[in-house]
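This report refers to the structure that appears directly beneath it.
The values are calculated or read from the model by the stated rules, or taken from the named source; none is laboratory data. In this text, all values refer to a predicted model and were calculated from it rather than measured experimentally. Heads up, the Cβs are rebuilt from the backbone with ideal geometry, glycines too, and the neighbour counts pull from every protein chain shown. When the accessible area is computed, the model is the full protein with side chains, heavy atoms only, and any ligands, DNA or RNA have been set aside. Shrake-Rupley method; radii C 1.70, N 1.55, O 1.52, S 1.80 Å.
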Amino acid sequence: MTPDIHSHSLRQALSRAEISPAPENPSFKKACVFLLLFGEDAPRALFIQKADTAGYPWRNQVALPGGHVEKKDTSPLHTAYRELYEETGILQDHVEFLFSLGHFQTIRSVDIEALVGWWNEKDEVRFDSREISRVLKIPLATLLEAHAEKGFSGNDPGVEDLVYPLGPVKDAVIWGATARIVHFFIEAIRPFC
């Protein structure tokens with residue numbers, strides 16, 4: 001199944017989504033990530049896999065590009081663009097911001113605001129191999145298929161069950177807060193695919 005999705009249809013679908021609210025607890029550390037989409041003919045999503053470094057708390061995790069809000073950041077969007085550039089070399093001018101999916105919390109007391117953007121693919125992706133082992137360009141169709149096969153459509157699975165195997169990328173699995181963001185996103189766009 002190849003979804004007929006482009007930046008305009010995504011913006012329409014997401015504008016109908018009920019945003020995930022921020023936590024009431026002010027002690028959460030703030031972070032922002034980009035769910036970056038690209039490819040008009042066969043849409044894909046860009047993920048990173050963290051480096052396999054002993055002692056690194058996010059060792060080998062598949063994640064969205066992003067990171068913690070810094071004092072110098074002027075907005076969540078500024079944080080997301082800054083982190084996207086630092087981690088992948090993708091320039092702000094090449095990403096159209098579409099929508100905020102809202103807030104998702106981790107077991108480490110981090111509140112992540114997830115932003116959706118559309119990338120024009122004019123950058124050569126680069127990354128620091130000490131932090132990131134690889135960049136994954138996953139077809140949206142693969143995520144939609146896994147979502148349906150796992151029975152997630154219309155359901156709210158628990159954290160142990162909410163896992164997205166990445167099909168052809170046999171050793172990569174999306175889980176945790178990233179899986180919660182992917183689930184929320186797919187549920188928002190699924191009626192339009």
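Give the aspartates and glutamates reachable from K50 as a straight Cα distance under 15 Å; neighbours fewer than 8 places away on the same chain don't count.
By straight Cα distance, K50 reaches E83, E86, E87, D128, E131, D171.
If the cut-off is a Cα-Cα distance under 19 Å, which lysines reach K72, setting aside same-chain residues fewer than 8 apart in sequence?
K29, K30
Please list, by residue number, every one of the trypsin sites (Lys or Arg not before Pro) in region 124-193 that is coil in DSSP and has at most 14 other beta-carbon atoms within 10 Å.
Details: sites: R126, R130, R134, K137, K150, K170, R180; in loops: R126, R130, K150.
Counting only loop positions with at most 14 other Cβ atoms within 10 Å, the trypsin sites (Lys or Arg not before Pro) in region 124-193 are R126, R130.
On average over all directions, what projected area in square nanometres does region 140-193 have, based on the convex hull of its Cα atoms?
Dividing the Cα hull surface by four gives the mean projection, 3.5 nm².
Taking the Cα centre of region 7-192 as origin, work out the dipole magnitude from +1 charges on Lys and Arg Cβ and -1 charges on Asp and Glu Cβ, in debye rounded to 20.
Its charge dipole is roughly 220 debye.
Largest first and in whole Å, give the semi-axes of the chain's equivalent ellipsoid, each being the square root of 5 times a Cα gyration tensor eigenvalue.
22, 19, 19
Carbon and sulfur atoms: what percent of the 1.4 Å accessible area of the chain do they account for?
Roughly 50 percent, rounded to a whole number.
5 Å is the cut-off here: which amide hydrogens, built 1.01 Å from N in the peptide plane, fall below it relative to A172, excluding neighbours closer than 5 in sequence?
L166
At a threshold of 8 angstrom on Cα-Cα distance, excluding pairs fewer than six apart, so keeping six or more, what relative contact order does region 7-192 reach in percent?
Relative contact order, region 7-192: 27 percent.
Return the lysines within reach of K122: Cα separation strictly under 20 angstrom, same-chain partners fewer than 8 residues apart disregarded; answer none if there are no such residues.
Once the sequence-local lysines are set aside, what remains near K122 is K137.
Could you give the length gained by full extension between S109 and S129, i.e. 0.36 nm per residue of separation minus their alpha carbon distance, to one decimal place? Can you show the working numbers first?
On the way: separation 20, 0.36 × 20 = 7.20 nm, distance 2.66 nm.
Length gained between S109 and S129: 4.5 nm.
What is the packing order of peptides 99-107, 157-165, taking the mean over residues of other C-beta atoms within 10 Å and listing the highest first?
Sorting 99-107, 157-165 by mean packing, highest first, produces 99-107, 157-165.
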